[in-house]
Each structure stands twice: as structure tokens, then as C-alpha cells.
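Okay, so here's the structure we're looking at.
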Amino acid sequence: MGFQLTDEQKAIRSLAQDFSANEITPFIKRYDEEEILPLEMIRKLGKVGLSNLSIPEQYGGPGIDRISHTLIVEEIAKACAGVATGLEANSLASYPLLIAGNEDQKRNYLTRLTKEGEFASFALTEPEAGSDVSALTTTARKIDGGYLLSGEKCFITNASYADFLVVLAIVPNEKKEKVYSAFIVESKWDGIKIGEKEKKLGLRTSDTASVIFDQVKVPTANRLGEEGEGFKIFLKALMSARPMVGAQSVGIAQAAYEAALNYAKERKQFGKPIAKLQSIQFILADMAMNTEASRLLVHKAAYLLEQNAPSIQHASFAKCFASDTAMKAATDAVQIFGGYGFIRDYPVEKIFRDAKIMQIYEGTNQIQRVVIAKDILK
Ligand SMILES: Cc1cc2nc3c(=O)[nH]c(=O)nc-3n(C[C@H](O)[C@H](O)[C@H](O)COP(=O)(O)OP(=O)(O)OC[C@H]3O[C@@H](n4cnc5c(N)ncnc54)[C@H](O)[C@@H]3O)c2cc1C
């Protein structure tokens, strides 16, 4: 067992750190204020080999190991969680293809992401089916040569820019059984409408929108796996993706901790830096300790993925613990900044707004606990 990063992993982390320092941090405040997804920034990440992180080399991706993937996501999220979310949308949409795609589907669609700089979305959530995925009502009715897709997906990351979406739908049958199937759907096809971009509490540099499918013709060649396998494919995809939400959360927690630590050393009250006060020291100690514990859980979950031994428990441990830590660290950082923490000129206000979503998307933290409990009690 080793806790050391390899030289290659260190080099990858340092590349991501440099990119964040030079290309994200100096510009991100404006994008956040204007609520714009910095597409060029994400394209530039691709040019230096820091995008499409889940895609193997044979399809034009960086072909990196899962620990390296977490290191990049952590560093980007430390600079801006919205950019990390926009960046990771392609990884998230790639997982169903990597899990169940045939060679043609992988070669065509994954290569479009890596070589053509296209964007993709993972379209699971619906207005009446959030935590309860089984309640989804988007249907893919069988027709000659394919399916007619109808329904609505909501809160879809990068939907306004996606060239294609990976969609979970029900194929209706006479027995009224729920036959879930997954499809690759191109945004340019007739019958697709993208909703207004959502205005959000945080993560304002990311794009979130609904997608309406009105009798969209999807060829059979665009079904992922067999009919009825869709649910399993999407759940497996989430098992790969949740540790990366954990990695984003570690980046947020680390950013909150560093900002609070620096401020505590500089800010003087009662004639001395507030860092000399034991109550502030204890908050900082907890931040440091929980951030490191989160990182270790994230690395363990990534290690298991790398070993081809994905663990639903560890994916949820990483996502849930790290995102609870990020929210707590962000809240405590605002507290350490006092009134200045509430003011938008200071960095922790954005960190605080961005942290909250980590406890919600890719399965809320209540759902992570449901998943863990179900697994340990089975
Ligand atoms: C910015 C953003 C980006 C997103 N990106 C995507 C995306 O790219 N693709 C996608 O498909 N989705 C995406 N989502 C959707 C996200 O995954 C869902 O919002 C999330 O899964 C929760 O679903 P919901 O909002 O319907 O909440 P609900 O399911 O309605 O939950 C409401 C509350 O009830 C609790 N609850 C529900 N069921 C249980 C239970 N059994 N036990 C205990 N508590 C429970 C929840 O934890 C929560 O606190 C995104 C959302 C946001 C806000």
C-alpha cells in the first residue's frame, strides 16, 4: 500500500495547478458575475490534455489513471467548481458509452468529444423523477428502424452546448413493464428543444438547462446496450462519476481552508491575528483534517475503479463525505472572514455558493446514505 503519487501523477497535478493559476483564477470572477460558462477555458483545457478525462487514448482521450483524474478535477474545482462541472460533463456522458457502447458508437461519439471538441450531456433527471429515477416518464416508443423519443429532462449540465446527449428512457410495452433503455441522441435532430438556462444560487459559471424531446426519431444503432439494460448502465456510470464529485468537493474544501488560513493569519482583532485564538485554530484544524480525510476517501474510490473493482459503497462514501466537508469548510471559511466573508469582493462568498450543489447533484447526500445503508444491510 502506498500513499505516494507517481512522478507522472505529480506532473499532471502540477499542469492542472498551473492552468488554474494562469487561465482560471484571474478571469473567473467576471464569468461568475455574468453567469457565463467559459467555453474557451474548457476548450483550452482540452488543448493541454486536461479534458475528456475518462476517455482512453484509443479514442483520443488522455488515457490517464483514475487517481490522476481526481487530481485534475480537484485542482480545477479549487479554482472554480463551475468550470470543473462544465469540464466533467463530458466525462459523465462518456461513462455510459464506455460501459455499454459498441465499437462503432465509441469510435464515433467519443472521438467527436476528443478530436472535434464537441460537448455532451448526461440526461437522467426529470421534473418528477429526481432521486426516484424509476419514476421517469420519458418514453422511447418503438417504430420501424428505431424509436420515437418524447419527454422532458431537467437540470442538465451543458445542455445548451451539448452536441449529443446520453438519455435514459422507458420503452413502453403491452405488459406495461418498465423497460429502461439508454440512447445517444444528437441535439441537432428534429424535435429537440433546449430550455432557458437556469439561474442558480452557485455554480454560475456552469450551464444548466432542460431538454424537451418531442417525437425525436432515434435509430436503433443509437441504443446503448440491449433494451432493458439502461437503468443498470446509468447506475454504473454514476458509480464512476461520484468519486469525481468527491474530487470537486475536495478542491472546494481546500480552497475554503487556504483562504481562511491566510485570512486568519492577517486579520488582527484584540491586538493579535485571529489565528492566535484557539476557537479559530480548532476550526482550521477541523477543516484541514476533514479535507485530508475526504481526499483519502476519493483516492480510495478512484483506486478501486482503476483496479476494475468499483465499489458502490466507496463511490458514495467519497461523494457524500467530501461534499459534506466542502459545505462545512465553506461555511466555516465565511465565519472566519466575519462580515467580509459575506461580501462579494472576497473569495469565500463564491466558494460558499458553489459548495452547496455538491451535496445535491449526482444523487443527494440523503440518497448516498440510502445507497450505503442498502449495501451494508444486503
Ligand atoms: C446545477 C445542477 C446540475 C445538474 N446536472 C445534472 C445533469 O447533468 N444530469 C442530470 O441528469 N441531472 C442533473 N442534475 C439533477 C440532480 O442530480 C438532481 O437535482 C438531484 O438528483 C436531486 O433530485 P431533485 O432535485 O428532483 O430532488 P428530490 O428528489 O425531489 O429530493 C428533494 C429532497 O428529498 C430528499 N429525498 C428524496 N428521496 C429521499 C429518500 N428516499 N430518502 C431520504 N431523502 C430523500 C432529497 O435528498 C432532497 O433533500 C443537476 C442539478 C443541478 C441543480
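The values are calculated or read from the model by the stated rules, or taken from the named source; none is laboratory data. On a predicted model such as this, the values are computed, not experimentally measured, just so you know. In this analysis, Cβ positions are derived from the backbone assuming ideal geometry, glycine residues included, and neighbour counts consider all displayed protein chains. Side chains included, ligands, DNA and RNA excluded: accessible areas come from the protein's heavy atoms. Shrake-Rupley method; radii C 1.70, N 1.55, O 1.52, S 1.80 Å.
What to note about this one:
- Check on Leu110, of a type outside the set (S, T, N, Q) and either farther than 22 Å from Leu50 by Cβ or within 16 Å of the ligand (Cβ to nearest atom) (or both): no
- Residues satisfying the stated conditions in segment 134-162, i.e. in contact with an Asp or Glu (Cβ under 8 Å, 6 or more places away or on another chain) and not aliphatic (A, V, I, L, M): Thr137, Thr138, Ser150, Gly151, Glu152, Lys153, Cys154, Phe155, Thr157, Asn158, Ser160, Tyr161
- Selection of segment 72-127 for residues being small (Gly, Ala, Ser) and over 19 Å from Ala140 (Cβ atoms) yields Ala77, Ala79, Ala81, Gly82, Ala84, Gly86, Ala89, Ser91, Ser94, Gly117.
- Considering segment 140-160, and only residues there that are more than 19 Å from Lys178 (Cβ to Cβ) and more than 13 Å from the ligand (Cβ to nearest atom), the residue that is surrounded by the fewest Cβ atoms within 10 Å (Cβ to Cβ) turns out to be Asp144.
- Residue in segment 104-112 that is within 14 Å of the chain's Cα centre (by Cα) and of a type in the set (Lys, Arg) present: no
- The residues of segment 178-222 that are farther than 26 Å from Tyr361 by Cα and either open to solvent by less than 90 Å² (accessible area, probe 1.4 Å) or within 16 Å of the ligand (Cβ to nearest atom) (or both), listed by number, are Trp189, Gly191, Val216, Val218, Pro219, Thr220, Ala221, Asn222.
- Inside segment 86-107, residues that are touching a helix residue (DSSP H, G or I) at 6+ places or on another chain (Cβ under 7 Å) and within 8 Å of the ligand (Cβ to nearest atom) make up a count of 1.
- Filtering segment 208-223 to residues that are hydrophobic (A, V, I, L, M, F, W, C), outside any helix (DSSP H, G or I) and farther than 23 Å from Ser160 by Cβ leaves nothing.
- Residue match in segment 333-345 (condition: under 18 Å from the mean Cα position of the chain (by Cα) and either modelled with pLDDT of 95 or more or closer than 17 Å to Gly82 by Cβ (or both)): no
- Hey, Asp163 near the ligand (Cβ under 10 Å from one of its atoms), at pLDDT 95 or above and surrounded by 17 or more Cβ atoms within 10 Å (Cβ to Cβ) or not: no
- Inspection of segment 226-235 identifies at least one residue that is away from the ligand (no atom under 16 Å from the Cβ), over 22 Å from Pro127 (Cα atoms) and within 24 Å of the chain's Cα centre (by Cα).
- So Gln335, is it of a type in the set (S, T, N, Q) and free of Cβ contacts under 8 Å to residues at least 60 places away in the same chain: yes
- Residues that are in contact with a helix residue (DSSP H, G or I) (Cβ under 8 Å, 6 or more places away or on another chain) and closer than 22 Å to Ala330 by Cα do not occur anywhere in segment 54-64.
- With respect to the stated conditions, Glu8 fails to be open to solvent by 30 Å² or more (accessible area, probe 1.4 Å), over 28 Å from Leu98 (Cα atoms) and either charged (D, E, K, R) or in a helix (DSSP H, G or I) (or both).
- Hits in segment 15-32 (condition: outside any loop (DSSP other than H, G, I, E, B) and open to solvent by 50 Å² or more (accessible area, probe 1.4 Å)): Leu15, Gln17, Asp18, Ala21, Asn22, Glu23, Lys29, Arg30
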